[in-house]
Every structure is written in structure tokens, then in C-alpha cells.
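Below is one structure; the comments refer to it alone.
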Amino acid sequence: MEEREKDRGIMGPEQGDPGKGREQPASMSTPNSVMAKEEKGMEEREMKKEMELEMELKAEVKVELCPTVPGLQMSFIRGTDLFGYVGIEAVLDQMRRKTIKAGLEFNIMVVGQSGLGKSTLVNTLFKSKVSRKSCTPNYEEKISKTVKLHSVSHVIEEKGVKMKLTVIDTPGFGDQINNDNCWEPIVKHVNEQYEKYLREELHINRKRRIPDSRVHCCIYFLPATGHRLRPIDVEFMKRLGKIVSIVPVIAKADTLTIEERQEFKEQIRQDLAANGIRVYPQKEYDEDPEERILNDRIRESIPFAVVGTDKEHQVNGNKVLGRKTKWGIIEVENVAHCEFANLRDLLIRSHLQDLKDVTHDIHYETYRVRRLNESNMNYSELGLSTCGLFGNEKLSYIT
């Protein structure tokens, strides 16, 4: 009996006191529970911080009164404030598809004396034979007694984008002994295209898309004399700068040295400023700081010293457009040789749409306001039919 009680006493602490056996695990889990509480508290604090941050972001949403409609509240909601993806950016794809389907229209005028390379430069710009001289069979260049404008149109397609290009040439400009008022036919032509567009716009049943024959850009060729602007240059650009966007260029700039070219460009810029001549791009039309910085660089390069050619040559195993001389090859698209690449970027790659916008919003709007304010405007003439854009023009298709 005593041995049995002794054995029970030995086993008691292990099996006979279950409460005491459960205290040990409880005392062991106490640090874990404290850590769990701390982690839970940290998560709550982080969630609270995130909620406060969201509230701060929402509080940053600007609310302004719309200046055009009194009492209308307008808020600017950024992408971070949206609950999810809406799809507003898809509008750009819609605009792109619509523009590709409709095509573009661009009308460019070249003005300058004969022999300055107007046709060659236009061909080089669009890398195809688009000038009247190049695409007209049996063409014989004759100096006309008066300035008579000729236009030729092409449909150019590149990567699915179609553009109707119209090149207006001005043979006979500045080639006469007496060049008085030689700019009047050009001014008349520009205003006639504005009038044609205005009549179409004022029709009761007007076309959904009015054909645009207005001159979007005028490239004025200056001879590489190394001297200042001639009186004919000043008079022409002073008159045309008010009704069309003018981009002056120094033709055949490879006849000047680098130092002569820089000095000539500086003299021309001084003459433009002294005579109040407005050339594209104008400072007053800059809409934002980024555009102003880009246009300031362009204005520092005006007039562009250009060289044109449609012949290819081998340079270091690559085909390049250039003029071959006994001193070497002048690469047209090399900015170290000439500024043709800068001119092409301005006219086509960066400012083509802006040239069209300035023509419509500034030059055409000025003409429209003046015509509608004239008391002698005969509105009965607006019912007369006008020639379509494809009326009597030559049209070719280039792919």
C-alpha cells in the first residue's frame, strides 16, 4: 500500500494536476499574443495613414468657377483620383482613325527668282517629283512677262496616311527689269482662296467638309548674296506676312562659307526686325512654355540655309541625298552641312498642323471679319456655284 501511494505521489505532479499542466503553455504563449497585438496595431496605423493620404489627395482636387458660365462649378480630376480605368485616352485613337480615313490637305507656295532651286527643294522635301517642272512632260522653262501662278496637286500616301499636297509655283517673280507690284498677283491669289472658302462656308446648305485651297505656308527664297535684304524682298514679305505664314530660306547655301552664312543670317534677322516683317512662327501665337521653347530655337535658325537635290550618292556605304562637288559630297540631310533637315521638320514633322491652324484661326479669320464688316459685300453672290478643289487642277497619285 505504501509503495502504491508513493508511486501515485510521484505520478501526481505529471498527470494528477491537469490545471498546473495547462499553465505552462499559457505562460509560453504570452509573448506571441503581445506580438500579434503589436502587429495588429501597426496594420491599423498603416490603414489609417493610407486613409488620411487618400483624403489629402482628394482634398488637392482643384475646384474653380467656370469663367464663361457664372455659377457653374468645375473640378479637375486627375488619373490618381479615378476609381478605375475609364478609357478617355481612347479618344486619341478615334481621332487618328478618323483623320486617316478623311486624309489631310496641305497647300504650299514657293516664291523666288528663277534658278534658286524652288522645284528641286520641294521635290527634296517630299522625296518625290511633286513640282510642276518635274511632273510636267516636255516642260520648257520660259521667263514669263508677268507673275502667273501655277498649281499642281498630288495625293501622297505614307504608312496608310493620305495627304493631298498642292504646290503653287510663281514663275516670273522678280525676273523682270521693272518689278513694281510683282507681288500683287500673289496677294490676289491668296485672298481669292480665302474668298472661295468664305463663300462655301456661308452657303445655307454647305458641304460637310469644305475643300481647303487656302495657302497654308509660303516658302520665300532669298539668293545667297551675302548682303542684306533687297527692297523687293522687304516689300513682298511685309505684305504677304499679314495674310499668310512665311518661312524665309537662303537658297543654294552651299555657295557660302560657314562664317559668311552666319553673318548673312544675322543681317537678315536684323532687317526683318527693323522692317516689322512677320515670319512664321510668330511669338504671339505661342500657347504654352514648351511650345515657346521649341519655337524660340526655330526663330534663332531663321532664315534656314538650305540645299536641295534629288540625287543619291554613296557615303560610307550608305545612300544619302547630296550634291557632288570636286571637294566632296554635300549631304542635304546632314545638319552639319546645311539646315534642310530643320526646315523639313518644321514644315512636315512638327508644325504642319499648326500651320493649318494658324491659317484658319488667324489669317482666314482676319479676312473673314474684314469681309463681313464691309457694307458693300454682295450676299446674293454667295448662291453662285464655285469650282471644286479638284476642278481644273492636275492630280496625280503617289504611293
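The values are calculated or read from the model by the stated rules, or taken from the named source; none is laboratory data. Note that the coordinates shown come from a computational prediction; the quantities given were computed from them, not determined experimentally. Ideal geometry is used to build each Cβ from the backbone, glycine not excepted, and the neighbour counts take in all protein chains shown.
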> If you go through the range 162-182 one residue at a time, how many are in contact with a helix residue (DSSP H, G or I) (Cβ under 7 Å, 6 or more places away or on another chain) and at pLDDT 90 or above?
Replying inline: 3
>> Can you tell me which of (1) in contact with a Lys or Arg (Cβ under 9 Å, 6 or more places away or on another chain); (2) under 28 Å from residue 245 (Cβ atoms) is the one residue 311 doesn't meet?
In response: (2)
>> Within the range 305-318, does at least one residue satisfy the condition of being more than 22 Å from the chain's Cα centre (by Cα), farther than 22 Å from residue 219 by Cβ and of a type in the set (Val, Ile, Thr)?
In response: yes
> Within the set of pairs 6 or more residues apart or between chains, which connect a residue that is farther than 20 Å from residue 124 by Cα inside the range 295-316 to a residue that is β-branched (Val, Ile, Thr) with Cβ atoms less than 9 Å apart?
Replying inline: 299/279
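Per-residue answers, yes or no, for (1) surrounded by fewer than 19 Cβ atoms within 10 Å (Cβ to Cβ); (2) in the same structural domain as residue 307 (by TED's automatic domain parsing); (3) touching a residue at least 60 places away in the same chain (Cβ under 8 Å):
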| residue | (1), (2), (3) |
| --- | --- |
| 195 | yes, yes, yes |
| 204 | yes, yes, no |
| 207 | yes, yes, no |
| 211 | yes, yes, yes |
| 216 | no, yes, yes |
| 221 | no, yes, yes |
| 226 | yes, yes, no |
| 230 | yes, yes, no |
>> Against the conditions (1) farther than 30 Å from residue 366 by Cβ; (2) at pLDDT 95 or above, where does residue 252 fall short? Just the number, please.
In response: (2)
> Among the residues of the range 153-188, how many are under 28 Å from the mean Cα position of the chain (by Cα) and among the hydrophobic types (A, V, I, L, M, F, W, C)?
Replying inline: 9
>> If I ask for residues that are farther than 30 Å from residue 159 by Cβ, within 31 Å of the chain's Cα centre (by Cα) and modelled with pLDDT of 75 or more, which ones from the range 79-104 would you list?
In response: 82
> In this structure, is residue 243 at pLDDT 90 or above and either loosely packed, with under 15 Cβ neighbours inside 10 Å or within 19 Å of residue 342 (Cβ to Cβ) (or both)?
Replying inline: no
> Do you know which of the residues in the range 199-238 that are among the aliphatic types (A, V, I, L, M) and in contact with a helix residue (DSSP H, G or I) (Cβ under 6 Å, 6 or more places away or on another chain) is farthest from residue 166 (Cα to Cα)?
Replying inline: 229
